[in-house]
Amino acid sequence: MTAGWSDADRILADVRPPVFPDRDFPITTYGATATDATEGIARAIRACHESGGGRVVVPPGTWQTGAIHLQSHVNLHVSEGATLLFSTDPCDYLPVVETRYEGLEVCNYSPLIYANGCTDIAVTGSGTLDGQAGWDSWWGWFHECDEDFAQLRQQACFGVPLAERVYGDGYHLRSSFVQPYDCTNVLIEGVTIVRSPFWQVHPVLCRNVTVRDVVIDSQGPNNDGIDLESCRSVLIRGCTIDAGDDCIAIKSGREADGLRVNVPSEDILIERCVLRVKYGAITLGSDLTGGIRNVFVRDCVIGGPSLYFGLYIKTNSIRGGFAENVYLRDLSISNLTKEVVQCNFFRGEGDTGPLTPSVRNVELRNVTVHRARNALLLRGYRRSPIEDFRLIDCSFTVDAPSTVQHAELIFDNVTVNGHRITDVHQLR
């Protein structure tokens, strides 16, 4: 089904942040100390949950902690002047929990803040979440995980049950920072996130998610800012992101797991964000086997001297999937080192698998690009061209010609370096 901007209003009406009872549970009341807050936080969360909900309050100061597991009806409130300083000892994130790694289901180290199967949860406040990651801890695993990930991919391919995909101790698959998993009514608001081990805000299989006014500044390897996997009804508003990989990435599972679970990401509105570093400002894929539909982006400022792409849609015939109904408007883009839009069916393994991806109904409207290397790199397949890709009221200032292969392009009032474009050949 073809969407339009009226669907953005529908999403805005549908997404409502959770509301919590007016009760506070200070972590100090439950035994948290600056040097060891883990158990005190856990007791405060349990008491809050058993009382019917409220705020678990982290007061000003620095609080050292291990994994934090939220429960339903709990708002973890990190006060102004408070820092949750997370351990870099992997043992503090055991036992393993059900999670995803690069789009594959796995039992792995717990994310630093985690919830599974919960309703009405939040992480709020103007304090700081500090994962303390560095090359001597979590980030160093980036160079040690290839064998573990290859084993996990093989297990997924052969349908090994999740209960037998046990990693954690002795392995090197990093965990996300904040991960609600299979949760409904999620709010992440106001906090600053630094030094993340891996992906930073990573909802999986969630419904009704609000992420607003969050500051993300963590540029470790593959440190995506916000990753939505197989989520529905999401609002991302007013966030500022400097990430070590994609700023906002939308995913839906990978390969055999993506086909088996088969839950798309859909009905997503992104607005009023500042996206500066490092790969794609808005990325769809490359783990999009379950599909992505109805993505709306408006009123954002994109670009910085280290940012690659404005919109990045990436897949191949090993991952397959679809992306449809993707709308961007009223964007200011500058200082991109690569294309404003790259939509590439040859990402990674290229056209070497049994799944044929599809991309259709993509629109950029009122987008002003002050400088980029190229306007477009679009590479579909002959058997599956990129369909109905529209540029309307757009202006590009670029250094080099575009590349367009197997893509249907429509232009309406588009200029490149001051020249009106009426034909795809004028882009080259």
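The values are calculated or read from the model by the stated rules, or taken from the named source; none is laboratory data. In this text, all values refer to a predicted model and were calculated from it rather than measured experimentally. Here the Cβ is made from the backbone with ideal geometry for all residues, glycine too, and neighbour counts use every protein chain on show.
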Within region 277-292, identify whether any single residue is out of contact with any Lys or Arg (no Cβ under 7 Å at 6 or more places or on another chain), part of a strand (DSSP E or B) and modelled with pLDDT under 95, and answer yes or no. yes
Residues of region 123-149 satisfying the condition of being closer than 29 Å to Arg212 by Cα and in contact with a His (Cβ under 6 Å, 6 or more places away or on another chain): Thr124, Gly125
Inside region 238-257, can you point out the residues that are assigned to a loop (DSSP other than H, G, I, E, B), charged (D, E, K, R) and either farther than 15 Å from Arg276 by Cβ or in contact with a Pro (Cβ under 6 Å, 6 or more places away or on another chain) (or both)? Arg254
Only one of these conditions is not met by Phe20: (1) surrounded by 15 or more Cβ atoms within 10 Å (Cβ to Cβ); (2) touching a Phe, Trp or Tyr at 6+ places or on another chain (Cβ under 9 Å); (3) of a type in the set (A, V, I, L, M, F, W, C). Which number is it? (2)
Test result for Tyr312, assigned to a strand (DSSP E or B) and in contact with a Ser or Thr (Cβ under 6 Å, 6 or more places away or on another chain): yes
Of the residues Pro95, Pro59, only one is surrounded by fewer than 21 Cβ atoms within 10 Å (Cβ to Cβ), over 22 Å from the mean Cα position of the chain (by Cα) and under 30 Å from Glu255 (Cβ atoms); which? Pro95
Could you list, in sequence order, the residues of region 59-89 that are in a strand (DSSP E or B), within 24 Å of Tyr109 (Cα to Cα) and among the aliphatic types (A, V, I, L, M)? Ile68, Val74, Leu76, Val78, Leu84, Leu85
All conditions in (1) within 30 Å of the chain's Cα centre (by Cα); (2) crowded, with 16+ Cβ neighbours inside 10 Å are true of Glu408 except (2)
Only residues that are in a loop (DSSP other than H, G, I, E, B), within 29 Å of Thr356 (Cβ to Cβ) and not hydroxyl-bearing (Ser, Thr, Tyr): list them for region 374-418, please. Gly380, Arg382, Arg383, Pro385, Pro401, His406
